[in-house]
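Just below is one structure, and these are the notes that go with it.
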Amino acid sequence: MADVLIVGGGIIGLLVAKELLEQGAKVTLLEQGQPGQEASWAGGGIVSPLYPWTYSEPVTALASWAQAAYPQLVAELNAATGLDPELNLCGLLMLEPPNQAEMEAWARARGKNLGLWAPEQIQQREPDLATTFSGGVWWPHIGNVRNPRLLQSLLLHLQRQPEFELHCQEQVEEFTAQPSGAVSVLTLSGNRFSAAQVAVCAGAWAGRLLQPLAASIQVQPVRGQMLVYAPRRKLLNSIVLHNGRYLIPRLDGRIVAGSTLEHTEFHKSSTREARQELVAMATGLVPALAKEAVEAQWAGLRPGSPHGIPFIGRVPGWDNLFVNAGHYRNGLVLAPASARLMRDLLLGQEPIVDPVPYDPLTPRPSADMF
Ligand SMILES: Cc1cc2nc3c(=O)[nH]c(=O)nc-3n(C[C@H](O)[C@H](O)[C@H](O)COP(=O)(O)OP(=O)(O)OC[C@H]3O[C@@H](n4cnc5c(N)ncnc54)[C@H](O)[C@@H]3O)c2cc1C
């Protein structure tokens, strides 16, 4: 029997597995499809919340810890597997941001040096950007990771660990507390797995799976659509953010454009409307993209939660059933910290941050979904 059984193989489940294996635990992971193919694959990989000062302290605390941990995580995976997750510390240029005074106060309080740029400075950094912007704010410390590669590298690393077991096409449906304290799960295919502890890292599906057990775990899917261009020459140096939409430069010159926010339940298809909207945004920011073909379009389901604060902790009423889900728009940036906190809670170690704000029993600031 495994020490810990993880439900869901996105960035959260995979990193929780890594953390536990490093502590000597025996880990089994159940995935309803193939690992690393859902939101964690679909995301943009920006290693920061989009407008960081608009988030609550619990999100900022995890983001800060994780941002500091990212370079080492990526270097470690690259060294172990030869598959580079391509962390690109390219900086982020925020064009005409809202609430600039609030932003500056937030950055000052956290010792972050921002550049308040005039149009000429923007043009110098990004010569292919449209010249219509009155100014921008330069966030030099923000980068992006090529998330599909991060997942591949992480999975390869895990599969080489003798105490790791992966079962694909196993959709968990039911949980049972055993008299011994262990938890067993039943999957759609009729298989039963047991472990001393179970951690549900099921992303957008976590609410559907856990709400019958604990009404407070409110996680709902929020669809996001994206495009990618593979321009014939390099057109962008930094992440560019304007009116909530962004362009992300990959190290090979590709540009990812995102994203939509849609409440469409579990429908994950891409739409023509979103494509038109994203093309208009991308070519509005970088006019030369109008001469480039869209290489691909896709959609993913974000695990939406009130205020984007993930649920990390014990499922109410259960001793050995835990949850780590609801990272909404920030699961890639928050993942290293969320996974470490989950490890701390499962193994009874000193937590890296105060765990109370993430506990499923702690009321969120309001029920608003971001
Ligand atoms: C378009 C878009 C852009 C984004 N951009 C960014 C960004 O730039 N930066 C950032 O930090 N975040 C971003 N995000 C958010 C981020 O991708 C998510 O918050 C994060 O990937 C969530 O990770 P997860 O592991 O919880 O979920 P997922 O990656 O969805 O993984 C959950 C896994 O659980 C499995 N599962 C579900 N139910 C069951 C079950 N019953 N049994 C077994 N397995 C199950 C699923 O199949 C899936 O593989 C973006 C998301 C989208 C969609």
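The values are calculated or read from the model by the stated rules, or taken from the named source; none is laboratory data. Here the structure is a predicted model, which means the values were calculated and not measured. Neighbour counts are summed over all protein chains in view; Cβ atoms, including those assigned to glycine, are modelled from backbone coordinates with ideal geometry. Note: areas computed on protein heavy atoms with side chains; ligands, DNA, RNA excluded. Shrake-Rupley method; radii C 1.70, N 1.55, O 1.52, S 1.80 Å.
Can you pull out every residue in the range 168-187 that is in a strand (DSSP E or B), hydrophobic (A, V, I, L, M, F, W, C) and surrounded by fewer than 18 Cβ atoms within 10 Å (Cβ to Cβ)? Spell out how you get there, then give the answer.
Of the range 168-187, the ones in a strand (DSSP E or B) are 172-177, 183-187.
Still in the running and hydrophobic (A, V, I, L, M, F, W, C): 172, 175, 177, 183, 185-186.
Scanning the range 168-187 gives ALA177, LEU186.
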Next on the checklist: Among the residues of the range 247-297, what is the count of those that are in contact with a Ser or Thr (Cβ under 6 Å, 6 or more places away or on another chain) and either surrounded by fewer than 18 Cβ atoms within 10 Å (Cβ to Cβ) or outside any helix (DSSP H, G or I) (or both)?
Outcome noted: 2
Item to check | Pair list, Cβ < 8 Å and 6+ apart or interchain, from the range 33-44 residues that are in the same structural domain as LEU150 (by TED's automatic domain parsing) to residues that are polar (S, T, N, Q) and within 6 Å of the ligand (Cβ to nearest atom) | outcome: GLY44/SER259
Checklist entry - In the range 307-336, what count of residues is obtained for those that are near the ligand (Cβ under 7 Å from one of its atoms), more than 17 Å from ARG364 (Cβ to Cβ) and in a strand (DSSP E or B)? => result 0
Item to check | Residues of the range 218-233 satisfying the condition of being within 13 Å of the ligand (Cβ to nearest atom) and open to solvent by less than 20 Å² (accessible area, probe 1.4 Å) | outcome: VAL219, PRO221, VAL222, ARG223, GLY224, GLN225, MET226, LEU227, VAL228
Checklist outcome for this item: Just one listed residue, out of VAL286, VAL294, VAL256, is outside the structural domain of THR54 (by TED's automatic domain parsing) and within 13 Å of the ligand (Cβ to nearest atom), and it is VAL256
Item to check | Single residue of GLN100, GLN123 found to be modelled with pLDDT of 95 or more and out of contact with any Lys or Arg (no Cβ under 9 Å at 6 or more places or on another chain) | outcome: GLN123
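For the range 116-132, give me the residue count where each residue is in a loop (DSSP other than H, G, I, E, B) and either touching a Cys at 6+ places or on another chain (Cβ under 9 Å) or surrounded by 18 or more Cβ atoms within 10 Å (Cβ to Cβ) (or both).
2
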Checklist entry - How many residues are touching a residue at least 12 places away in the same chain (Cβ under 8 Å), part of a helix (DSSP H, G or I) and not β-branched (Val, Ile, Thr) if we restrict to the range 65-102? => result 12
Checklist entry - Does the range 144-155 contain any residue that is assigned to a loop (DSSP other than H, G, I, E, B) and modelled with pLDDT of 95 or more? => result yes
Checklist entry - What about GLY244, is it more than 18 Å from GLY10 (Cβ to Cβ) and open to solvent by less than 30 Å² (accessible area, probe 1.4 Å)? => result yes
Checklist entry - Taking the range 69-92 as the search range and keeping residues that are within 15 Å of the ligand (Cβ to nearest atom) and farther than 22 Å from TYR229 by Cβ, which one is surrounded by the fewest Cβ atoms within 10 Å (Cβ to Cβ)? => result ALA69
Checklist entry - Does GLU165 meet the test of being open to solvent by 10 Å² or more (accessible area, probe 1.4 Å), within 16 Å of the ligand (Cβ to nearest atom) and closer than 28 Å to LEU77 by Cα? => result yes
Item to check | Scan of the range 9-20 for residues that are touching a helix residue (DSSP H, G or I) at 6+ places or on another chain (Cβ under 7 Å) and either assigned to a helix (DSSP H, G or I) or more than 11 Å from the ligand (Cβ to nearest atom) (or both), ordered by number | outcome: ILE11, ILE12, LEU14, LEU15, VAL16, ALA17, LYS18, GLU19, LEU20
Checklist entry - Are any of the residues in the range 207-215 in the same structural domain as LEU5 (by TED's automatic domain parsing), open to solvent by less than 60 Å² (accessible area, probe 1.4 Å) and assigned to a loop (DSSP other than H, G, I, E, B)? => result yes
Checklist outcome for this item: Taking the range 1-26 and keeping residues among the aliphatic types (A, V, I, L, M), at pLDDT 95 or above and more than 20 Å from LEU156 (Cβ to Cβ) leaves VAL4, LEU5, VAL7
